[in-house]
Amino acid sequence: VISVLAVAVCAVCIFFIVQFYRGKALSDRLGSGVRSGIISTALTDPNDPTRYMTSSVDFDELQAMNDEVYAWIEVPGTVINYAVVQSATDDLFYINHAVDKSYFSGGSIFSQRYNTTTFQDSMTVLYGHNSRSQAMFAQLNNFADASFFEQNQSIYIYTPEKVYEYQIFAAYPHLSDHLLLADGVNCNYRRDLFPQFGDKVLTLSTCYRQNRTQRFLVQGVLTQEYTVLKK
């Protein structure tokens, strides 16, 4: 009996290990081909203030794999370069599933149905694991370091039609009795970028490296919107 149980446990462990590395390889493969760059931020026509950006995110490929993929996130200075998904039926589905819906303990970057998928809400929240492999949102914790916070200030969200650029204004652990700038919080922030009425805020949420019962939040305010330049 003990031998059978040992074999069963080993089989389960092997299954989860294989699924983990399969999911990580999928995320890495999708991210390796994504490179973007600003084509022009200058106004060439005073009557047309549109700003353009190129994007190599292949949404046709992504949505053929899973029609719940609706965006892509990139945080310069980190390895964060992933598809963004939202389940139509289960807010926690992607906490342990890859972007192709296969089981993956590392999960995906996802939002919940409290948000639309347009990034036009006053507050959009994206979630991701703080995994030991430094994948997903683990490197958000780097923003707890004041020097890193000062050197890395942008978040980019890509959609099929638009690119949204956010400037990071705060990074801090989230405790139950306060949100921002309260006593006892080790918070990095840029006061000049604090959102004003009508601004759109993006919040990235993961586990806090120093205390796994807390969340670590990185928040950015939308400062620029680009139209994707079609090839």
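The values are calculated or read from the model by the stated rules, or taken from the named source; none is laboratory data. Only a predicted model underlies this, so the values are computations on that prediction, with no experimental measurement involved. All Cβ positions, glycine included, derive from the backbone under ideal geometry; neighbour counts span all protein chains shown. Ligands, DNA and RNA are excluded from the accessible area calculation, which covers all protein heavy atoms including side chains. Shrake-Rupley method; radii C 1.70, N 1.55, O 1.52, S 1.80 Å.
A few notes on this one:
- Among residues of the range 184-206 being at pLDDT below 95 and either among the β-branched types (Val, Ile, Thr) or in contact with a His (Cβ under 7 Å, 6 or more places away or on another chain) (or both), the one that is nearest to Thr116 (Cα to Cα) is Thr206.
- Enumeration of residues in the range 43-77 that are open to solvent by 30 Å² or more (accessible area, probe 1.4 Å) and not in a loop (DSSP other than H, G, I, E, B): Asp45, Asp48, Tyr52, Thr54, Asp60, Glu61, Gln63, Ala64, Met65, Glu74
- Options Ser105, Ser154; residue that is closer than 25 Å to Thr54 by Cα and of a type outside the set (Asp, Glu): Ser154
- For the range 105-125, the condition holds for no residue, the condition being that it is assigned to a strand (DSSP E or B), over 17 Å from Tyr166 (Cβ atoms) and touching a Ser or Thr at 6+ places or on another chain (Cβ under 6 Å).
- Taken over the range 78-91, the residue count meeting the criterion of being more than 15 Å from Leu204 (Cα to Cα), in contact (Cβ under 8 Å) with a residue 12 or more places away in the chain and either under 12 Å from the mean Cα position of the chain (by Cα) or surrounded by fewer than 18 Cβ atoms within 10 Å (Cβ to Cβ) (or both) is 2.
- Verdict on Tyr156 being open to solvent by less than 30 Å² (accessible area, probe 1.4 Å) and not β-branched (Val, Ile, Thr): no
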